[in-house]
Amino acid sequence: MSTHGEQASIGKVLSFLQEWDHGNKIARSRMLEAFLTQNSGKTFVELELEFAQVASLFLSRLTTWMRLTYMFGTYLGLQLKAIGVFLSASSHDQYLREFLEDGGALTLLDVLGQTQTQEEDKAEALRLLLTISNAGRKYKEFICESYGVRAIAECLATSITAETQEAAWALLESLSRGNPKHQNQVYKGLIALMPCTSAKAQQLVLQTLRMVQSKVKTVHPSIVEPLLNVLGSLRLEVQDEAINLILDLTQYEVRPVLLSGLVALLKPAKGEVQQHHMLEEPEMTEMTLSLSVFVQQAAAAKAIRLLAEASQELSEELLSLGVIHHLLYALGNREHTEAQVQASLALEHFVRSYPDIEEHVHRAMGSTLFAAFMNKADTLHMNMDEIQAEMLLTNKINIMEVSAAYSVFTMSRLRSAMQKGKRASLELTQTTKPVRKKSKAAVKEEETTTTASPSTYHTFHDPADVVLLRSQLLNWYDKGKRELPWRTAAMTEPDLNIRTYAVWVSEIMLQQTQVATVIDYYNKWMKRWPTVQDLAAATLEEVNQMWAGLGYYSRGKRLHEGAQKVVSELKGQMPRTVESLLKQLPGVGRYTAGAIGSIALGQVTGAVDGNVIRVLCRVRAIGADSTSPAVTEALWGLANMVVDPERPGDFNQAMMELGARVCTPKGPLCSQCPIQSHCHSYRKVYAKQEKNSKRLLGKLDRLPSTLPDIEDCMNGGSCPLCPAEPWDDELGVQNFPRKPVKKPPRVERTLTCMVVRSGEEGGDEYLLTQRPNKGLLAGMWEFPSLLLEGENSEMKQKGALCAEISRVLGVQLNKSLFQFVGEVVHIFSHIHQTYVVYSVCLKDSEDTQTQTENTQWLTRSALQEAAVPTGVKKILKLYDSVESQEEQTSKDGKRKKTAGVKNDKKPQTSKKAKLSAANNGTRQLSLSSFFKTVKEES
């Protein structure tokens, strides 16, 4: 029994809760203020004692009231502080769990996204979320899986007070620690925050990125562009954080792109500086808009100096990118003193470190200016007149000649560091040990490792070549690209969700189907289901109806399943990254995710389809089996290397367009190729032709051949990317790629029966059954069929069909009713199918009630709208031709041969009579245009 004191405490608590339940807003706010005064800082035990072991009842009420009123801001600050008393109570997590179960954390995330919420309330909500995050890994995962990272990142980007920004930063930093499952999610969320307008937020984001980067270990390519853009910030502390992050990132695989981007910033395009003259104050506008570009130029020069001073290896890589020419240009920018100072200091490092560079810079500057430069580089701009500045801006000195010596050595060392990784450090460790005789097994393993490494001949040695290839390909694409509906959607649709959905649909349709065929289907699809929500609400039958004729029917089914998943599990939001597309959408593989990510989302990633495989194999002379793992990885590496970071979607589409229209499987139009100068295959063909011509002339005129040897892979037969077969002069560039011998299709014969009865309205009805939900033609409708094993007589075939149809209809039929119609051949991608077709016409006395929902009777009009495979259309066409032939025979008294139909036996006629209306309530299918041109399908 409870004591008198316990009863009094319980009565006090019940009275308090009753007052809360019946109180208005003013009464509740008064109670909250009193609660905060009396209970702030109390532990779990103290709160339980205060509330007679039922403190959770009050926490539940607080959580519920907050969920109902947070959008109106009714004493939200008091509610949040009161909830904070519970969540911070000692180390016990009972209140935390109860708060989450009541939806409290989700409400806090919603609070962050409300524009009407005051900044101090957002900061308080963020502190509560930080308390939850710091409670342990499972709580961090809960926040991340509730789309918390996005909500917090958006709050940080849009907040206007330092208090809210620092609270959001602290929470993101907490979520990145001890949360390996969602570490990458936080990392990518931080990358997306870099373009925000708040300088304080940018500084906090960059600080957190540096910390998270050291844990993630790998770098997402999308970090490069926004990071370089941050260098244009007018706040020095933001610039410094960006430069520090750049220094960190040079340890990772984005180093070549990062360095080339820094060098490019030294020489901004004219369009970035010159502005429209129709503005009200053109001079002021031009100065303001150009300032960011000049600030970026100065920051890039500073970063380049720090990188070069930190590492000789980085210095040599920068030299190979033509950094001297660009620094001279920045030095001549009299519009921005800081750009001149930083460029001069960076140039000084290279001149004092490399004597060859000193000579060329001396020539570019002239003796007077060079003497001032060597005397005091940081004040050179004060001794420079307008003519000298113009000379630097227009200098034509080819510093690349000097850089060439560094380029080969540097790039090979970089590739070695990136590709070998741990093996390089292992070899370095082994050099300190005494030399010992290797065992035969060790020698064999070493030889295997050596032969497994592809030659550098199959990649790009010089980053400048990659830049040129991008430019040439995109110029060609811009001038003559095909206007396709999904490209128009990707360029003009402002809604990211609809744009991603539209590109997703196009990419799935384009799998194994030509562009010309897809256009009409795509337009009809998008007209009927313009959003992912519309597609999710459709039935699978409606989807199959729309898909009929495109072939590979599982694609449509996966689109439908994916749409339903997006609506039910992802809150209607299409995935926003390549990784999430790959992980969350059924039927989306590596290529499709890359294509959608680059075209719809602007992510810097390659996309390797059949056309791109062909282009890359020819450009880099990759002749090994294009389906092998070594070639696959090499091609993806190349695709990710060459993709344009500014226009990744256009670049990938340009590669596909090039493969479809110019670099075709047969009869490639090499003379029209925009990247012909980069193509090893074309160069090899041309060189062999020239060599043969010279040899012939040498025989006739006895002139020695001066043609250099054909460039080729130095590893020869040991390279996993080189062809195993010898070069075939007749094939030319079609030597690449080499495909494995295609496996012949499996041969199958299938018994099929057209079951016909007379409908109530006088027309014939046809029996269709539904195929299983998995496998070939999953879920499609067809005439009843049986796989035929071995050669059987006609009587056995009739007996087998009779038994199957009797089972389906639940009646006993006589096999004598079954008539042979003929055979239909249909080719799938992997099956050579022959349908052995019979027909049976049922009488009225027979009961034809269907027994399952997978069996349907269709009238001819319904069949004309049927979503059935192409094989069914062929069978019906055969049946109609035989029917027509019989009618002609009965009129003319003689038979006429039906062209194009295999029909070895004379079909027997049978009078068709009406049968009883046993299936009045049978549901009929709504399926697609039936009598179109028959297309090959799988």
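The Cα center of the range 38-67 and the Cα center of the range 88-132 differ in position by 15 Å.
For Ala621, the amide hydrogen comes within under 5 Å of the amide hydrogens of His680, Ser681, counting only partners 5 or more places away or on other chains and with H modelled in the peptide plane. In this structure, the residue pairs whose Cα-Cα separation is over 29 Å, taken from Lys302/Lys583; Lys42/Lys188; Lys565/Lys874; Lys140/Lys565; Lys200/Lys302, are Lys302/Lys583; Lys42/Lys188; Lys565/Lys874. Near Asp764, the amide H atoms lying under 5 Å from its own belong to Gly759, Arg860; only residues 5 or more places off or on other chains count, and H is placed 1.01 Å from N.
Working note: Karplus 6.51/-1.76/1.60 with θ = phi - 60° gives the range 18-24 the couplings 5, 4, 5, 5, 9, x, 8 Hz, where Gly and Pro are set to x.
The overall shape of the range 125-238 is oblate: from the C-alpha gyration tensor, with semi-axes ordered a ≥ b ≥ c, the ratio a/c is 1.5 or greater and a/b is no larger than b/c. Restriction of the trypsin sites (Lys or Arg not before Pro) in the range 185-277 to DSSP coil positions whose beta-carbon has at most 11 other beta-carbons within 10 angstrom yields Lys217. Please report the spacing between the Cα centers of the range 365-385 and the range 792-815 in Å, no decimals. What the calculation gives is 100 Å, centre to centre. Maximal additional length on extending the Ala724-Gln18 stretch stands at 245.6 nm, based on 0.36 nm per residue less the C-alpha distance. Taking label positions 7 Å along the Cα-Cβ direction at both Leu393 and Gln118, the computed distance is 5.4 nm, reported to one decimal. Taking the accessible area of the range 105-200, probe 1.4 Å, and keeping the other protein chains in place, the carbon and sulfur fraction comes to 53%.
Taking amide H positions as modeled 1.01 Å from N, with prolines and chain starts lacking one, the residues under 5 Å from His832 and 5 or more places away or on another chain are Arg746, Val747, Glu748.
Extension gain, Lys874-Val515: 0.36 nm per intervening residue step, less the Cα-Cα distance, totals 126.8 nm. With R₀ set to 56 Å, the beta-carbon distance separating Glu646 from Asn814 gives a calculated FRET efficiency near 0.15. Rolling a 1.4 angstrom probe over the range 203-262 with all protein chains present gives an accessible area of which 51% lies on carbon and sulfur atoms.
A straight line joining the Cα centroids of the range 524-593 and the range 312-337 runs 49 Å. In order along the range 314-322, the phi-based Karplus estimate (6.51 cos²θ - 1.76 cosθ + 1.60, θ = phi - 60°) of 3J(HN,Hα) comes to 5, 4, 5, 5, 5, 4, 5, 8, x Hz; Gly and Pro are listed as x.
On a 27 Å Cα-Cα criterion, which of the cross-link pairs Lys527/Lys571; Lys138/Lys557; Lys557/Lys873 come out too long?
Working: Lys527/Lys571 23 Å; Lys138/Lys557 35 Å; Lys557/Lys873 21 Å.
With Cα atoms farther than 27 Å apart: Lys138/Lys557.
Quick check for me: using +1 on Lys/Arg Cβ and -1 on Asp/Glu Cβ, what's the dipole size of the range 578-639 about its Cα centre, in debye to the nearest 20?
Around 120 debye, computed over the range 578-639.
For Glu348, the solvent-accessible surface computed with a 1.4 Å probe is close to 40 Å², ligands and nucleic acids excluded. Can you give the accessible area of Asp248 in Å² (nearest 10), computed on protein heavy atoms with a 1.4 Å probe? For Asp248, solvent-accessible area is about 40 Å².
Summary of packing: across the peptides 316-323, 871-878, the per-residue average of other C-beta atoms within 10 Å ranks them, highest first, as 316-323, 871-878.
Using a 1.4 Å probe and counting only protein heavy atoms, arrange Ser222, Ser671 so the residue with the most accessible area comes first.
Numbers: Ser222 35, Ser671 110 Å².
Order by accessible area, largest first: Ser671, Ser222.
Computed from backbone phi with θ = phi - 60° and the Karplus coefficients 6.51, -1.76 and 1.60, the 3J(HN,Hα) list for the range 779-794 is x, 7, 9, 8, 6, x, 9, 9, 5, 8, 10, x, 8, 10, 6, 4 Hz; x is used for glycine and proline.
Ranking of Ser884, Ser626 by solvent-accessible surface, largest first: Ser884, Ser626 (1.4 Å probe, protein heavy atoms only, all chains present).
Estimated at 0.36 nm per residue, the fully extended path between Glu145 and Glu33 surpasses their Cα-Cα distance by 36.9 nm.
Can you work out the accessible area per residue across the range 495-613, with the rest of the protein chains kept in place, probe 1.4 Å, in square angstrom?
Numbers: 4330 Å² over 119 residues.
Result: 36 Å² per residue.
The values are calculated or read from the model by the stated rules, or taken from the named source; none is laboratory data. All of these numbers come straight from a predicted model, not from anything done at the bench. Note that we place each Cβ from the backbone using ideal geometry, even for glycine, and neighbour counts take in every protein chain shown. When the accessible area is computed, the model is the full protein with side chains, heavy atoms only, and any ligands, DNA or RNA have been set aside. Shrake-Rupley method; radii C 1.70, N 1.55, O 1.52, S 1.80 Å.
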